[in-house]
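The values are calculated or read from the model by the stated rules, or taken from the named source; none is laboratory data. Computed from a predicted structure; not experimentally measured. When we count neighbours, we look across all protein chains shown, and the Cβ atoms used for this are built from the backbone with ideal geometry, even at glycine.
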Amino acid sequence: MTPKELELLRSLDGRLRKVVEYAKQFYNFTVIETYRSHERQEELYKQGRSKARAGQSPHNRFPSFAFDAVPFPCDWNDIPSFARLNGIIEASAFACGVPIKLGADFKSIKDMPHYELLEDKKNG
Ligand SMILES: [Zn+2]
């Protein structure tokens with residue numbers, strides 16, 4: 001893992017970090033985003049890259065309730081490699097007993113690199 005990635009993992013919820021570490025045994029991938037400030041969230045919203053406004057995304061929690069990950073090396077056109085990573089992370093989350101939701105399953109914008117904690121809303 002690169003120092004940058006280790007730093008990102010420090011801002012990630014411990015349950016999701018466990019899933020990432022578990023999945024790393026089976027597949028080469030990079031975590032590219034975890035916690036996102038309100039400023040950055042608004043910026044992405046304005047650019048149309050996210051449907052969530054500041055405070056509405058699980059990336060806005062600290063530690064983050066979501067992470068984005070891409071296969072390594074990353075080729076954004078290589079959809080099968082993203083799908084494979086989806087399966088690896090989904091199976092790892094199951095093995096770790098951590099319920100997650102995949103961005104690939106979103107009804108609105110499919111977000112292949114996105115993974116979030118399926119949280120109990122009461123705690124939100
Ligand atoms: Zn995301």
* Asked: Within the set of pairs 6 or more residues apart or between chains, which connect a residue that is without any contact (Cβ under 8 Å) to a residue 12 or more places away in the chain inside the stretch 50-76 to a residue that is within 15 Å of the ligand (Cβ to nearest atom) and of a type in the set (S, T, N, Q) with Cβ atoms less than 8 Å apart?
  -> 50/41; 50/57; 52/41; 52/60
* Asked: residue 71: within 16 Å of residue 31 (Cβ to Cβ), more than 10 Å from the chain's Cα centre (by Cα), away from the ligand (no atom under 12 Å from the Cβ) and modelled with pLDDT of 95 or more, yes or no?
  -> yes
* Among all residue pairs at least 6 apart or on different chains, which show Cβ distances below 8 Å where the first residue, located in the stretch 17-32, is free of Cβ contacts under 8 Å to residues at least 40 places away in the same chain and the second is charged (D, E, K, R) and not in a strand (DSSP E or B)? -> 31/5
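How many residues, within the stretch 50-62, are more than 10 Å from the ligand (Cβ to nearest atom) and of a type outside the set (Phe, Trp, Tyr)? So that I can check it myself, show each step before the final result.
Going residue by residue through the stretch 50-62, those that are more than 10 Å from the ligand (Cβ to nearest atom) are 51, 53-56, 60-62.
Next, from what is left, pick out any that are of a type outside the set (Phe, Trp, Tyr): 51, 53-56, 60-61.
Total meeting the criteria: 7.
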* **Count of residues meeting criterion [within 21 Å of residue 85 (Cβ to Cβ) and of a type in the set (Gly, Ala, Ser)] in the stretch 15-59** => 3
* the stretch 65-89, residues that are of a type in the set (Asp, Glu) and crowded, with 18+ Cβ neighbours inside 10 Å -> 68
* To do: Please work out which one of (1) over 25 Å from residue 10 (Cβ atoms); (2) out of contact with any strand residue (DSSP E or B) (no Cβ under 8 Å at 6 or more places or on another chain) is the condition residue 84 fails and give its number.
  => (2)
* To do: Mind listing whichever residues of the stretch 74-119 are β-branched (Val, Ile, Thr) and within 11 Å of the ligand (Cβ to nearest atom)?
  => 109
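What number of residues within the stretch 27-51 are surrounded by 14 or more Cβ atoms within 10 Å (Cβ to Cβ) and out of contact with any His (no Cβ under 8 Å at 6 or more places or on another chain)? Break it down into steps so the answer makes sense when it comes.
Of all residues in the stretch 27-51, those surrounded by 14 or more Cβ atoms within 10 Å (Cβ to Cβ) come to 27, 29-36, 40-45, 50.
After this cut, where a residue has to be out of contact with any His (no Cβ under 8 Å at 6 or more places or on another chain) as well, the list is 27, 29-32, 40, 42-45, 50.
Within the stretch 27-51, residues that are surrounded by 14 or more Cβ atoms within 10 Å (Cβ to Cβ) and out of contact with any His (no Cβ under 8 Å at 6 or more places or on another chain) number 11.
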* Would you check which residues across the stretch 91-123 are over 10 Å from the mean Cα position of the chain (by Cα), surrounded by fewer than 18 Cβ atoms within 10 Å (Cβ to Cβ) and not hydrophobic (A, V, I, L, M, F, W, C) and list them? => 97, 99, 105, 107, 108, 110, 119, 120, 121, 122, 123
